[in-house]
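What follows is a set of notes on a single structure, which appears directly below.
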Amino acid sequence: MRRLIVVGSITGAPGVTTTALALAAVWPSEADGGVRPVMVEADSSGGDLMIRFGLPSAPSLLDVAAAARLRYPGSLLGAASELPFGVRAVAAVPGRGPCRESVRLLAGEAGQRVLRGDLHDRGTVVLDVERLGDDVEPLVAAADRIVLVTRGGAEPLTHVSAYGLNAGACAGRLTLAVVGPCPYPAEEIANTLGIGHVVFLPWDAKGVAAVSNPMQSALRIAGFRPSPLMTAARMLARQLADPQASTMRTSARDGGRVTERYAVQRAGRSWTGLVRVPGAEESGS
């Protein structure tokens, strides 16, 4: 069965779709025996990929939702489109109404069977749910790994703390991906928010353009100097794909040293610490 990676956020617009596309673009081929991942746009408020890349209205997420109603649903891959930079994606149509119903069906038992496939199906589904909420809670509960995307300031990080993530239910599955400048080191964020896995994703124009340009040719990494965003996304993808790899926190301190240094240099060192939500437990360093 396919691996399920849920990518979402609590509030704001931190770049969930770009993060999901970047992960799918640099997903290690050896992780699934050469089977490329599929990025699924499961945003209840409507999709962006059709407009961004000029995709036809079908196939789409609506086809996946319709298949979930069938006794013998078809393949998820039948609803996927090929994006210009070599990523397979199931796009959602613009508009809240049809997407909300599609996500509701996708979150059900039958929809999850379509996402996972049969026992012989291999690969990874990178599920872009945009905002975490009741409608996608079953998908979050069923995910093999969860990537929570946020900006690095005190306000968005406090929103993450206030959301009340069940650390016990998400233990070993949750990664906090901090996008852009951040004045706080990974260790402090992890201890304050009670999230064990914290990584940094630099926000750079080259990396965003690589997964946003409808005229972009196939994304090539070997032989070229990749952007900081794609380098950090490749590191995160390898960590998500290999549960036996070294822990995320170790990678944030060692392998992620470049991105952490980038965040500190951009934001400066004049900070007093994260804001703790009243009632939140104190974590020792």
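In this structure the range 1-90 gives 36 Å² per residue of accessible area when probed at 1.4 Å with all protein chains present. Computed extension gain for Arg100 through Ala141, at 0.36 nm per residue and net of the alpha carbon distance, reaches 12.9 nm. Expressed as a whole percentage, what fraction of the accessible surface of the range 94-143 belongs to carbon and sulfur atoms when a 1.4 Å probe is rolled over the protein heavy atoms? After summing per-atom areas, the C and S share lands at 49 percent. A Förster distance of 22 Å, applied to the separation of the beta-carbon atoms of Ala154 and Thr11, puts the FRET efficiency at 0.95. For Tyr163, what accessible surface area do you get with a 1.4 Å probe? Give it in Å², rounded to 10. Near enough 100 Å² of accessible area. Cys99 sits among other residues whose Cβ lies under 14 Å from its own Cβ, and their net charge, with Lys and Arg +1 and Asp and Glu -1, is -4. Between Asp242 and Ser57, the simple spin-label model (points 7 angstrom out along Cα→Cβ) gives 4.6 nm.
The values are calculated or read from the model by the stated rules, or taken from the named source; none is laboratory data. Keep in mind it's a predicted model, so treat the numbers as computed, not measured. Glycine also receives a Cβ, built like all others from the backbone with ideal geometry; neighbour counts cover every protein chain displayed. Surface areas here come from the heavy atoms of the whole protein model, side chains and all, with no ligands, DNA or RNA. Shrake-Rupley method; radii C 1.70, N 1.55, O 1.52, S 1.80 Å.
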